1. Kindly indicate whether A:Phe97 is part of a helix (DSSP H, G or I), more than 24 Å from the chain's Cα centre (by Cα) and within 30 Å of B:Ile205 (Cα to Cα).
2. Is there any pair linking a residue in the range B:74-101 that is touching a residue at least 12 places away in the same chain (Cβ under 8 Å) and within 21 Å of B:Met201 (Cα to Cα) to one that is open to solvent by 50 Å² or more (accessible area, probe 1.4 Å) and among the aliphatic types (A, V, I, L, M), with Cβ under 7 Å and at least six apart or on different chains, and which?
3. Pull up the range A:121-146, narrow it to residues that are within 13 Å of A:Leu203 (Cα to Cα) and among the aliphatic types (A, V, I, L, M), then point me to the one that is most open to solvent (accessible area, probe 1.4 Å).
4. Restricting to the range A:263-280, and then to whatever is open to solvent by 10 Å² or more (accessible area, probe 1.4 Å) and part of a helix (DSSP H, G or I), can you tell me which residue is farthest from B:Phe213 (Cα to Cα)?
5. Got at least one residue in the range A:234-248 being among the hydroxyl-bearing types (Ser, Thr, Tyr), within 30 Å of A:Ile305 (Cβ to Cβ) and open to solvent by less than 30 Å² (accessible area, probe 1.4 Å)?
6. Within the range B:127-155, can you find the residues that are open to solvent by less than 40 Å² (accessible area, probe 1.4 Å) and of a type in the set (Phe, Trp, Tyr)?
7. On the given criteria, is A:Gln106 part of a helix (DSSP H, G or I), open to solvent by 20 Å² or more (accessible area, probe 1.4 Å) and away from chain B (no Cβ under 11 Å)?
8. Being within 30 Å of B:Gly95 (Cβ to Cβ), within 11 Å of another protein chain (Cβ to nearest Cβ), at pLDDT below 80 and buried (at least 16 other Cβ atoms within 10 Å of the Cβ) is the requirement here; does B:Asp266 meet it?
Amino acid sequence: MKALPILKKLLVSVLTALFVSFLTYGLLYISPGDPAELLLTEKMGSMGVQKEVVQRYAEQLGLNKGFLEMYRDWFVNMLHGDLGTSYKTGNPVLTDFLSRLGCSAQLALLSTAISLVLGVGLGILSARRRNGIIDRLTRFFSAVSLSVPSFWLAILFLWIFAMKLGWFPIADYQGIRSLILPGVVMGVSGCAGLIRVTRSGVLDNLSEGYVVTARARGLNDRQVFLGHVLKNVMLPVVTMVTSSLIAHIGGSVIIENIFSLPGVGNFLLRALRSKDFPAILGFVFLMGMIVVVLTTVADLLYLAIDPRVREGMYEKK
Amino acid sequence: MKRNKENRSLIVKCGVLAFMLLLIVFSKLLFGRGDVVTTAIANTPPCWQHPFGTDNLGRDLLCRSFIGLRLSLLMAFIMQVICLALGVTIGTVVGYAGGILDKLFVFLQNVILSFPGTVLTLCIMLLLGNGIFSMIVALCIFGWLSYARLIRSRVLTLRQANFIKGEIAIGSSLFRIHFFHIVPNVIRTIIPMFTLMIGHMVLAIAGLSFLGFGVQPPNAEIGLMIQDGMTYIRSAPWMFIFPGLVLAVYSILFNTVGDALQDRFDPHDSVNASKM
């Protein structure tokens, strides 16, 4: 009985995933430009390409069938773990994706960690010294971090710290050393929401009845804050962190491009520019899947840490 | 007393924004003469005549920044009007109708939110081709959702409110309830959101143009200018610094005014709406 809502959630997630794949496929199917012709032109240079050759090439790539048939083929192959072969690199899309996932995942985790530390830390500080100098500075900082275009900040940091000061590598990828600058940029521009949620969460909770009760029981400030308030503030923070992870998977397209990182976003951008259909489709689908999985995990996590959500779910039924 | 002080600071903020917007609106008149190719003064560092310096073709960067921002702001405004109209309509219908329509909306929302935003926008740009029109469409497909979500949740909670129940009890029509009671309540949430979203949209437009998918070269646009600046990052760093700075200043203005409006109109909700 208790597993039912969770099962239902999972089912909705699977449905979402299916719909995501269908939508992506549909979008690419109706997009203009014949990939077979594009590819041939690229391979042969700018010499005219004959229609017959293009047609034969399209047949070879399986591009001349109807939409549903093509989608079915793709879907069946996908279930077998085969997402097709990239036109551009000639590798299986899954291999391409996995080889670039490491860099992007590290970047997303690093930047989310920076956001989390900055956001929660500054949020708590500014709530505890409400309207003080730290609070004002923090609010200004969050307004700025929300407003400054992250790609501009990225170039600025690249210029100052990598080119002028030479602390970080510019173009060649050197593992974690190359990820620090982009991580800081994304972390800083992503922390504004967390600051706000933490700050107002702390302020709201401090005026709740349970704080008065805890004080009446003789707990000191520290105990009340760490043992009671912080727990309640963390709930919206969990949601924010997931959505920040989601945002960073997509937001990293521009940042990865600027720092020329070998990540998922940068590869996808190149695929989009060259109309590398299997690669675009596979990458968007896999990114969507990661998002669906992350959201589901966050929902379940929410169920686990907040009894109110759990009970609310059963009450409705 | 405190209210008075807050009101004054809100008026000051709005005044600054209005002044800066006027600068943008009349930018063609004020700065139009600087946007011409004069190779003789190419790559001039910032000086009195050209406070932001000139680019690789000798065009004044101060002039181009403002003219470029005019285009972005105009587009952002058009997009937000479209998103607002779509979002309010869909959000209201779904909120009232409930049932299967509501379930469908929640599902659709989950699907759209499952794509990382930039990626979805880029895919749609691929479908429609590069350029201004397709950028408007691509960003709107994502943008209406935040309004619709807000309106839907508002309608859902307002429907339970006692004053609405009272209206139903005295036999008011749906039309009357909606336009005389729901809409005025929702508007105070929408105005700040609209301001905030314009700021976001301007950034999104610049980002897409930076990647080469949005506004195309002969036009002045901040993202494009920053992209150009990246090529000359060593020899002429002012080419990327100043346009970005102008964009940041305007974006900060929109955000602070939006926040201030939110605090004024809707103190309880300032957290929820800022999530999107």
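1. Criteria not met by A:Phe97.
2. Matching pairs, first to second residue: B:Met75/B:Ile132.
3. By that ranking, first place goes to A:Leu125.
4. A:Pro278
5. Scanning the range A:234-248 turns up at least one residue that is among the hydroxyl-bearing types (Ser, Thr, Tyr), within 30 Å of A:Ile305 (Cβ to Cβ) and open to solvent by less than 30 Å² (accessible area, probe 1.4 Å).
6. Across the range B:127-155, the qualifying residues are B:Trp144, B:Tyr147.
7. So A:Gln106 fits the description; yes.
8. Spelling it out, it is not the case that B:Asp266 is within 30 Å of B:Gly95 (Cβ to Cβ), within 11 Å of another protein chain (Cβ to nearest Cβ), at pLDDT below 80 and buried (at least 16 other Cβ atoms within 10 Å of the Cβ).
The values are calculated or read from the model by the stated rules, or taken from the named source; none is laboratory data. What you see is a predicted model; the values in this text were computed from it and never measured. Every residue, glycine as well, gets a Cβ built from its backbone with ideal geometry; the counts of neighbours run over all protein chains shown. Surface accessibility is based on the protein's heavy atoms, side chains included, excluding ligands, DNA and RNA. Shrake-Rupley method; radii C 1.70, N 1.55, O 1.52, S 1.80 Å.
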